[in-house]
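Student: Questions regarding the structure given below will be posed in turn.
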Ligand code: SRM
Ligand code: SF4
């Protein structure tokens, strides 16, 4: 029997209700039916199965070990200590005893069984959090810059992220009925969705707000990027607008490619919602509703031409974009350790290996963060590089936080032997991700360990080289923006991509295809040797590879949409 298309499922879902309530009550299986597995994504959850157990369960003629991943909607990535404690309790009671910071600065929990799914959703709600639109063909978690130095701007940007998230939240009450037992009213299932319409968007849509000089949100990887522009008095003048970023690709299918957003102009703060709505609705109306792999905004833009899309956006918005204003990004990473913010509070950024907060022998990170949340009076900020900031600490409290950090080895990764290890990012991949072709999160420590002797040999221990690992070409760790990236092809085999920059402005390119760890190390050794010997002062690895002519720009049909040199000078591409 063939399954209905996702487009049909959305339209027939009675505004994202489907048959989920009955499915949750069905005790015979740990799974939802095909349609509801698609619909539940809009509620922030994915049905998965433990892939480590898949073969064994098949042998035993058991259904797969079905379980659910839940993703929180947290625009700007800020959590209170009370919320932390509640999430920790949820992860411990219902999930796999870990909290996973994602590359979109929120939390995922894994391993929730169907029988406990509703209880878990209710517990999340009791923490004053929700999971609406964390997944699905709608606007996703809105990213906001986390730079702790700019406390005042951070508050503003966080507010923008919140408001944008709210603005693009679907109007359906499905979430509240299915999970929170909200009473059904006459129009249940027929709510108006003025922004999205009956079939929602063709595909996910992502928005990020960056504050130069840090591009910690990787703004150009988003469907809609907003780059805050500050005037001479330090006030927010508005935003440069960039459209059409996306990392998803397929191995060997040239038509599926990553793309950096192109900057199309500048808007004042009062124009932001209008232009964002114009982008979303143009994509809603023009995006590909037949081939999902070709349905992101980036393809709509490339198929119709950026000029046409911008003209349509301007027409819908009712105003012309101003020319883009100068901006400059220094880098797209996090700065670790304590810094004092403009507001006099202190902020401690901790490097979290692949964002996984869990108790391991000698590194009781989940317990440690629980202890900190019990005494901390500020808040916690998640970064888009899967790290966390204990934010808003009064000077007098630093010692107490430091003691808890040390006691629970929460700074173990801040003290990692190489700068590369501290900033590395890896997606979840196996065992929970259904699309993983190779390990990523579980492989990162081993790979970083294997690279260490090479970095040592060439005196590059403290050189910040950006490494990102993804278990498949979908690019959840934004690997195509890394100086060194491994993109999974099969178990133990990766495409080695090289030459991204450290500002999120240039994509890397394929250097070796389908290689194993020894082959990767053998390929990197001479490049690192030349880099160590020939680099110019302050020159980064990715930039060096290009200057030395050791790699070329990528062969994607559209590749670098923002020329780094122009971007440095503030021009738009
Ligand atoms: Fe992602 C799908 C995990 C950020 C591009 N992503 C998935 C799924 C849900 C697999 C699936 O569809 O069955 C993964 C769940 C794994 C698991 O077990 O948890 C998954 N993506 C993640 C996270 C958790 C990676 C991480 O280690 O942090 C990130 C969650 C973000 C969040 O909180 O919302 C995550 N995913 C990203 C990013 C990075 C970003 O947004 O800045 C990208 C690249 C940007 C983009 O969207 O183009 C990304 N994920 C994808 C794609 C490719 C989409 C495409 O255009 O082709 C897929 C596959 C799909 O949607 O079909 C995907
Ligand atoms: Fe899964 Fe691939 Fe995303 Fe990694 S990049 S989490 S393997 S979909």
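The values are calculated or read from the model by the stated rules, or taken from the named source; none is laboratory data. Remember, it's a predicted structure, so these values are computed and weren't measured experimentally. Positions of Cβ are backbone-derived with ideal geometry, glycine not excepted, and every protein chain shown enters the neighbour counts.
Student: Quick check on region 423-437: of everything there that is farther than 19 Å from residue 107 by Cα and surrounded by fewer than 22 Cβ atoms within 10 Å (Cβ to Cβ), which residue is nearest to ligand 2 (Cβ to nearest atom)?
Tutor: Checked region 423-437; the qualifying residue nearest to ligand 2 (Cβ to nearest atom) is 435.
Student: Let me ask another. Under 9 Å between Cβ atoms, which residue pairs at least 6 apart in sequence (or on different chains) link something in region 436-465 that is free of Cβ contacts under 8 Å to residues at least 24 places away in the same chain with a partner that is assigned to a helix (DSSP H, G or I) and within 16 Å of ligand 1 (Cβ to nearest atom)?
Tutor: Filtered contacts from region 436-465: 442/354.
Student: Also, quick follow-up: Being at pLDDT below 95 and under 18 Å from residue 356 (Cβ atoms): is that true of residue 88 here?
Tutor: Here the answer is no, as residue 88 does not meet what is asked.
Student: Among what's in region 466-484 and is away from ligand 2 (no atom under 11 Å from the Cβ) and part of a strand (DSSP E or B), pick the residue that is farthest from residue 208 (Cα to Cα).
Tutor: Only one residue tops the list, namely 484.
Student: Before we move on, is residue 516 surrounded by fewer than 15 Cβ atoms within 10 Å (Cβ to Cβ) and either closer than 18 Å to residue 454 by Cβ or under 27 Å from the mean Cα position of the chain (by Cα) (or both)?
Tutor: On the way: surrounded by fewer than 15 Cβ atoms within 10 Å (Cβ to Cβ): yes; either closer than 18 Å to residue 454 by Cβ or under 27 Å from the mean Cα position of the chain (by Cα) (or both): yes.
Judged against the criteria, residue 516 is a match.
Student: List the number of the failed condition for residue 160; all other conditions in (1) surrounded by fewer than 16 Cβ atoms within 10 Å (Cβ to Cβ); (2) in contact with a strand residue (DSSP E or B) (Cβ under 8 Å, 6 or more places away or on another chain) hold.
Tutor: Of everything listed in (1) surrounded by fewer than 16 Cβ atoms within 10 Å (Cβ to Cβ); (2) in contact with a strand residue (DSSP E or B) (Cβ under 8 Å, 6 or more places away or on another chain), residue 160 misses just condition (1).
Student: Under the condition of being in a strand (DSSP E or B) and closer than 18 Å to residue 145 by Cβ, which residue from region 351-384 is farthest from ligand 2 (Cβ to nearest atom)?
Tutor: 379
Student: Does residue 461 fit the bill of being surrounded by fewer than 22 Cβ atoms within 10 Å (Cβ to Cβ), more than 16 Å from ligand 1 (Cβ to nearest atom) and part of a strand (DSSP E or B)?
Tutor: no
Student: Touching a residue at least 40 places away in the same chain (Cβ under 8 Å) and in contact with a helix residue (DSSP H, G or I) (Cβ under 7 Å, 6 or more places away or on another chain): does that describe residue 87?
Tutor: no
Student: Continuing with the same structure: So in region 385-400, with the set limited to residues that are crowded, with 21+ Cβ neighbours inside 10 Å and on the phi < 0 side of the Ramachandran plot, which one is nearest to ligand 2 (Cβ to nearest atom)?
Tutor: Among those residues, the one meeting the criterion is 385.
To keep it simple, each residue is scored yes or no on (1) buried (at least 18 other Cβ atoms within 10 Å of the Cβ); (2) modelled with pLDDT under 95; (3) farther than 13 Å from residue 301 by Cα.
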| residue | (1), (2), (3) |
| --- | --- |
| 238 | yes, no, yes |
| 245 | yes, no, no |
| 267 | yes, no, yes |
| 271 | yes, no, yes |
| 276 | yes, no, yes |
| 279 | yes, no, no |
| 288 | no, no, no |
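Student: Restricting to region 290-308, give me the number of residues that are part of a loop (DSSP other than H, G, I, E, B) and surrounded by fewer than 18 Cβ atoms within 10 Å (Cβ to Cβ).
Tutor: Qualifying residue count for the region: 3.
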